1. Yes or no: residue 534 open to solvent by less than 40 Å² (accessible area, probe 1.4 Å) and either basic (Lys, Arg) or within 22 Å of residue 679 (Cα to Cα) (or both)?
2. Considering segment 273-319 alone, what residues qualify as being assigned to a loop (DSSP other than H, G, I, E, B), farther than 19 Å from residue 479 by Cα and not charged (D, E, K, R)?
3. Scan segment 494-501 and give yes if some residue there is at negative phi and in contact with a Pro (Cβ under 7 Å, 6 or more places away or on another chain), otherwise no.
4. Could you check residue 133 against (1) of a type outside the set (Val, Ile, Thr); (2) part of a loop (DSSP other than H, G, I, E, B); (3) modelled with pLDDT of 90 or more; (4) buried (at least 22 other Cβ atoms within 10 Å of the Cβ) and say which number it fails?
5. Of all residues in segment 479-495, which are in contact (Cβ under 8 Å) with a residue 60 or more places away in the chain, open to solvent by 10 Å² or more (accessible area, probe 1.4 Å) and part of a loop (DSSP other than H, G, I, E, B)?
6. Can you name the residue in segment 567-609 that is open to solvent by 70 Å² or more (accessible area, probe 1.4 Å), within 30 Å of residue 667 (Cβ to Cβ) and of a type in the set (D, E, K, R) and, of all such residues, is farthest from the chain's Cα centre (by Cα)?
7. Can you name every residue in segment 239-252 that is buried (at least 19 other Cβ atoms within 10 Å of the Cβ) and either outside any strand (DSSP E or B) or at pLDDT below 90 (or both)?
8. Quick one: in segment 434-449, of everything that is among the hydrophobic types (A, V, I, L, M, F, W, C) and modelled with pLDDT of 95 or more, which residue is most open to solvent (accessible area, probe 1.4 Å)?
Amino acid sequence: MPAHVAESDSTPDPTSTTGTTDPLAHERAHLAASRAALRGMREDVQALDIRDVTANWVNAAVLQSQIDDRIKALADLSHTPLFFGRLDYLHAVGGELAEGADGERFYIGRRHVHDAAGDPMVIDWRAPVSQPYYQASRTDPQDVGLRRRFGYTGGELTAYEDEHLTDPAEAEHTSRLLQAEIERPRVGPMRDIVATIQPEQDEIVRSGLGGTVCVQGGPGTGKTAVGLHRVAYLLYAHRERLARTGTLVIGPNRSFLHYIEQVLPALGELEVKQATVDDLVRTGVEVRGEDEAATAVVKGDARMAEVLRRAIRSHVTAPVEPVVVVRGSRRWRVPAYEIQEMVDELLARDMRYGAAHEALPQRIAHAVLVRMEEAGEAPDDRVQNAVARNPAVKAAVKAVWPAVDPAKVVLRLLSDAEFLAAHAGGLLSEEEQKRLLWAKPARSVKSAKWSAADAVLIDEAGDLVARTHSLGHVVLDEAQDLSPMQYRAVGRRCSTGSATVLGDLAQGTTPWSTESWGEALFHLGKADAVVEELTAGFRVPREVIAYASRLLPAISPGLAAVESVRESPGSLAVREVPGGAAELDAAVVAACEESLRNEGSIGLIAADARIPVLRAALEAAGHAYLSPGEETTAESRLTLVPASLAKGLEYDYVVLDEPGAVVDGEPDERTGLRRLYVALTRAVSGLTVLHAAPLPEVLVQA
């Protein structure tokens, strides 16, 4: 059978059960039947009558909510293929075949679909029986005789392509449908890669829930999509457990989260929450200020965790008086040295400050009960609780182990030089302490102009007082940009769960970005995580990634360059524009117009300082444009992207304005070159670089 069968081909399908000799017609018939079966599944759920099966209105509301979610999950996305592949096994899966019988056939798709009799028509891509679709090869066919891939235009099945994995006469070939799917123009939000997952990606997607996985992946290696598909797989394989413990996807900014938010619903997962790190820690304080880079680096340093620990514990003081509890006509006395022993024991156990604050009155009350029992009384637990609430006990606890407000502790550290020095001594230098102190101390928590880094410190202090709730699984994308204190904040959210950490060390563009995954994972609390590296690029053309990789020796020495599998001659154009700023602006608009003649999305990326000028130039030329994260459509395909927001986004064609300005817009050259590396690697089909000023030397010298 030929590798690629077009719509007009009438090669018979010997396994057809529809009475047609046209294999494409047979597959279209199965698609139509599968869609009808999915509609039937949805209608069955919609027809459920719960009036007689719920005891009260609360149960009815919960059950109705579950039914509504199920109805949403069974929606048929008309422009999304219901199935994208087929596996024909040589033998029965998990059982024996009768002599002469054919092996089993499974259609692999985005969700499970069964007919009215309960027989499967489409198998969820996450099911074990689907795994050979991604993993089987000629050297390891995994009992698969035929793997068929389907091509679609919109929601219509238009082509198919076969691999006979056990036929030695068939030559190995690169899948043209697979390549076409990878290169398909991108209009709208980020696409899922479920039809194009590669074996090395599939191994990461299906790794177990118990361990943390860190994925180092250069531009175009699909690390973000792998992380999102891993969430979908884990929710399939461990649904009940994760329904109890929860999942969370953490991205670098809101634009990025908006860009990826449609991936999981397309895979049938509707309940995964998304947040930025700032969202996680902004509880109770309003972020209105901004730190200088050097100050933010100190605030993000892991040493601040010990500074905060010391500051919190400094509120514990030695008791100076005994506690005397009066009950009826009796007085019960607990001496100061005994209370000190209780305090020492609680400190030695390294309990959360708030938990110890709650435990101390019970310890004092227990000491009183022991004295009561020695005097012949028989007190019970109710008496102990009453003693713990006694005014004398409460006053003693307030004096020895008072309640603390995490935000007030951080406020004092940033406002009071003596308090900071007392707890930062031996940890932070005098210069670092000066950087932390506010020039004009705030009067209260409410009036303070907190920065994003301050909110992370308050979150750390809050965890020292009361344990942060842990989720079952967290996906952390663009992780290379986090500070040690931000890693700790994320780690608290999965302290009893696991994580998928995604990033590229070469794309670290913050002054505090990590230099190694070992260091990052240590601060995350997942030092035993497995680090996987993706080096095969499926998005960025070879010519473009090779040009961008010239920067690697300067920005991340020793990191392997991405090897793109995509040959696309002519995908890179680097043009010097003679003249001044007006000529460059005109050339940029012309390059955008040239790119718009192609199919797909267009991204105009520029240094943040150049955005207002280019905005005016586009408007003067009559071109509408979108902001990062806004969904491109067939009518509106041009997005104006500040370089600081380009990370994680992708466009079919990219026009990059003035690389030197992108570098100069950052506080140091290394960060600037990393920002440029990000901007250079956003293109899927073509990149046009325009410059009037000289290019960075590292690009020219290479």
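The values are calculated or read from the model by the stated rules, or taken from the named source; none is laboratory data. Because the structure is predicted, anything quoted here is derived from the model rather than measured. Glycine gets a Cβ as well: all are built from the backbone with ideal geometry, and neighbour counts include every protein chain shown. Heavy atoms of the whole protein, side chains included, go into the accessibility calculation; ligands, DNA and RNA do not. Shrake-Rupley method; radii C 1.70, N 1.55, O 1.52, S 1.80 Å.
1. yes
2. 283, 284, 285, 289, 314, 315, 316, 317, 318, 319, listed by residue number.
3. no
4. Answer for residue 133: the failing condition is (2).
5. 482, 493
6. Checked segment 567-609; the qualifying residue farthest from the chain's Cα centre (by Cα) is 583.
7. 242, 252
8. Selected residue: 437.
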